[in-house]
Amino acid sequence: MRLSRSIPIAAAVLAAAPAHAQQWGGPLFSSPLEQSRFEILSSDANGAGMGIAVAVRPFSRVADLRLRVGIMDGIGTGPFSEGMLSPGREVAYMAGIDYAMPLNPQAGGPVRASLVAGLGVGMNAETVVSAPLGFSLAYDGGSIRPYMTPRVVLEHHSGPAPYVGPWEGSAVVDWGVDVSLPVGGTLRAALTTGSYRAFGIGISF
């Protein structure tokens, strides 16, 4: 089987598309206005399976550095354990890191921008290394903060034939919104369009 496209969500969750395997195949959930220390999310890409993960910002002095770990449903059968999220699917494991560099940290208006880059790995029948690169643009509307994240993603597959392959590229855009909750925390939702489609929701603290 091939790893499905997937990406961590509010804590780091991923789900993937059947044709390509890439850890960041779901929404990246990267907004210049969101710097929560802990996130939990779930996403589904092209209906290929659910993923769930956690994301943390462990360094207070480097608030834009985020670490992610998670599991996701694969497709078909293989040497790994039975899918825990959907019966009959195989489990894939993933980990990654992403970094956002503010482009206008001193801006006084409601618009914020940042460069976004990452590196991730997913493993089951094959190993997939993926690297997203793009930018994020957000509007500070108070308790409701929409954002968009266009990016390109490079990925490399390795493992038993026919999974070994060269680097491949995708171009996608996340359309997301963060909503502050009255009880604390942030509700997050995002839709990915472009080379693949995905949707994810999550919560951050």
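The values are calculated or read from the model by the stated rules, or taken from the named source; none is laboratory data. The structure displayed is predicted, hence computed values, not measured ones. Counting neighbours? That spans all protein chains shown, and the Cβs are built from the backbone with ideal geometry, glycine included. For accessibility, only protein heavy atoms count, side chains too; no ligands or nucleic acids. Shrake-Rupley method; radii C 1.70, N 1.55, O 1.52, S 1.80 Å.
From the protein chains alone at 1.4 Å, what is the descending order of accessible area for S30, S158, largest first? Please report the intermediate quantities before stating the final value.
Numbers: S30 5, S158 45 Å².
Result, largest first: S158, S30.
Given the peptides 174-186, 91-103, arrange them by the average over their residues of other C-beta atoms within 10 Å, most packed first.
Values: 174-186: 15.2, 91-103: 19.7.
The densest-packed peptide leads the list: 91-103, 174-186.
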Mind computing the radius of gyration and Dmax over the alpha-carbon atoms of the range 125-205? Å is fine for both.
16.3, 51
Got a number for the accessible area of D140? Probe 1.4 Å, square angstrom, nearest 10.
70
How far apart, in nanometres, would the label points at T193 and E168 be if each is projected 7 angstrom from Cα along the Cα-to-Cβ direction?
2.3
